[in-house]
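Here's the structure we're looking at; comments come further down.
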Amino acid sequence: MESNITHGLWEATANGKPDLKSLQRDIKTEVAIIGGGYTGLSAALQLSLAGKDCTLLEANHVGFGGAGRNVGLVNAGLWLMPEDVIKLVGQKHGEQLIRILGASPDLVYGNIKKYGIECEPWHHGTLHCADSRAGLKALQEREKQWMALGAPVKLLNREEAAEKLGTRAFLGALLDKRAGTIQPLSYAYGMAGAALKEGAALYDRTPVLDLKRENHSWHLTTPSGSVRAKSVIVAVHGYPEAAFKDQMKNIVPFNYFQFATPPLDPDILKTVLPGKNGAWDTNLILSSYRLDEAGRLIIGSVGKVEGTAWNLNRAWAKRSIKKVFPQVGNIEFEHGWFGRIAMTTNHIPRFHIMGKNMAMVTCYNGRGIGPGTVFGKLLAEYISGGSVEDIPLPVSEIKPVSMRTLRGLFYEAGSRLYHFVQRRI
Ligand SMILES: Cc1cc2nc3c(=O)[nH]c(=O)nc-3n(C[C@H](O)[C@H](O)[C@H](O)COP(=O)(O)OP(=O)(O)OC[C@H]3O[C@@H](n4cnc5c(N)ncnc54)[C@H](O)[C@@H]3O)c2cc1C
């Protein structure tokens, strides 16, 4: 089996990896972007489209963080139900956030189409599957709230769900036609290609070691060079390194693993997720199911796959496939990998600014493909002179004193893993 336990299948099948150099000199730029995931790449694309000089610095390679490890479900909205979003961030921000993230798959699939990104885009909807009566009830409520907002969602009964899923394991499923799946690392590579095409400068293997405000500009230190910038966008999310390492203390880390089978036999493939929908269930410890373009079945759940957890979780994945898709039979896996999801205690992403020339967003709570693409764009617009009113999240101001102060203003982590999982249903 493939031994890459970080990016697994996505690394093995990714298209369009950009050939980026590391920064080896001192440069000046209008906007420095730290982090090459969806947020940073979307910001770089938006800034270069607006004719701004921008430079993205990535500690490893673009897509190294959550962007290269995730399930690839392009969801509409946050995990939270719309009414909870409004309760937590207020009517004005809440309505704006629901509307903008509800439409975020269109931005993702729009970028894919515009730039010809080869990332296995399937825009057929996703299925949130009820594995218990309580789960079904929660989906009924979810359907009610989204339908009240005019969203194209439909709760399928057991028979209808079985037809789309290729299994009778679930009591029903909420079909969300706005959503879909992608090859997530290929999308990150494609966004990097798009940003380069539009004129952005991107560097791999360039961790920002230090960040200081000096003489009305930002000074970023990297191992073999430096960057002086008028403004900075920080997009390090759940994989903070070097200057941002201590931010790990301020997120609720949550690991999620996936295993991928070899391409299924064509006759069996016709019967597994025949609607090509990405799916996940309402269980306390949620599981996800999807196909890739070659017909591999990819199953995921909560936890890591390293050390002793590898065998334990592989055995769980095999048992689960037998239970949910018995037609697949006893099958081995080609790839196994995992990643770290960055959570907040209230499940709302955090947005921080320092005046008009530094902005950051963090913690998409396991839904970052659409939100990362959206918030990257919004951060670029804010840094280019936009209004904070256009960003649908409450703002925390950061005082320009030191990284320690900056760290201190990140939210307090603390909710237990079990709590997080419980909120998923
Ligand atoms: C296992 C897993 C499953 C998930 N499933 C889904 C899903 O199905 N659908 C969905 O929408 N979302 C999903 N997510 C969440 C999604 O992947 C993330 O929300 C998203 O990747 C966040 O994008 P980002 O650009 O903000 O951060 P990231 O993609 O994490 O990128 C941050 C980057 O910053 C870089 N960096 C860190 N420190 C520095 C530094 N000092 N200098 C320079 N660069 C630095 C890192 O190397 C990294 O590449 C999942 C996440 C994981 C881990």
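Go over the candidates Lys245, Lys270, Lys230 one by one and state the one that is within 12 Å of the ligand (Cβ to nearest atom), more than 18 Å from the chain's Cα centre (by Cα) and open to solvent by 40 Å² or more (accessible area, probe 1.4 Å).
Lys245
Can you pull out every residue in segment 149-159 that is in contact (Cβ under 8 Å) with a residue 12 or more places away in the chain and not in a loop (DSSP other than H, G, I, E, B)?
Val153, Lys154, Leu155, Leu156, Arg158
Given the structure, is Lys164 open to solvent by 20 Å² or more (accessible area, probe 1.4 Å), outside the structural domain of Val85 (by TED's automatic domain parsing), under 26 Å from the mean Cα position of the chain (by Cα) and not β-branched (Val, Ile, Thr)?
Answer is yes for this residue.
Are any residues in segment 48-58 surrounded by fewer than 24 Cβ atoms within 10 Å (Cβ to Cβ) and hydrophobic (A, V, I, L, M, F, W, C), and if so, which ones?
Matches in segment 48-58: Leu49, Ala50.
Would you be able to say whether some residue in segment 204-211 is assigned to a loop (DSSP other than H, G, I, E, B) and more than 13 Å from the ligand (Cβ to nearest atom)?
Scanning segment 204-211 turns up no residue that is assigned to a loop (DSSP other than H, G, I, E, B) and more than 13 Å from the ligand (Cβ to nearest atom).
Against the definition (open to solvent by less than 80 Å² (accessible area, probe 1.4 Å), farther than 15 Å from Tyr289 by Cα, more than 16 Å from the ligand (Cβ to nearest atom) and modelled with pLDDT under 95), how does Gly307 come out, yes or no?
Yes; evaluated as a whole, the condition is true for this residue.
Does Gln96 meet the test of being open to solvent by 10 Å² or more (accessible area, probe 1.4 Å), free of Cβ contacts under 8 Å to residues at least 24 places away in the same chain and either under 24 Å from Asn255 (Cα atoms) or more than 16 Å from the ligand (Cβ to nearest atom) (or both)?
Against the criterion (open to solvent by 10 Å² or more (accessible area, probe 1.4 Å), free of Cβ contacts under 8 Å to residues at least 24 places away in the same chain and either under 24 Å from Asn255 (Cα atoms) or more than 16 Å from the ligand (Cβ to nearest atom) (or both)), Gln96 does not qualify.
Go through segment 276-333 and report how many residues are in a strand (DSSP E or B) and more than 15 Å from Gln258 (Cβ to Cβ).
Summing the residues that are in a strand (DSSP E or B) and more than 15 Å from Gln258 (Cβ to Cβ) in segment 276-333 gives 0.
Just the residues that are on the phi > 0 side of the Ramachandran plot and out of contact with any helix residue (DSSP H, G or I) (no Cβ under 9 Å at 6 or more places or on another chain), please, taken from segment 141-188.
Gly150
The values are calculated or read from the model by the stated rules, or taken from the named source; none is laboratory data. What you see is a predicted model; the values in this text were computed from it and never measured. Positions of Cβ are generated from backbone atoms using ideal geometry, with glycine treated the same way; all protein chains shown enter the neighbour counts. These accessible areas exclude ligands, DNA and RNA; they are computed on the full protein's heavy atoms, side chains included. Shrake-Rupley method; radii C 1.70, N 1.55, O 1.52, S 1.80 Å.
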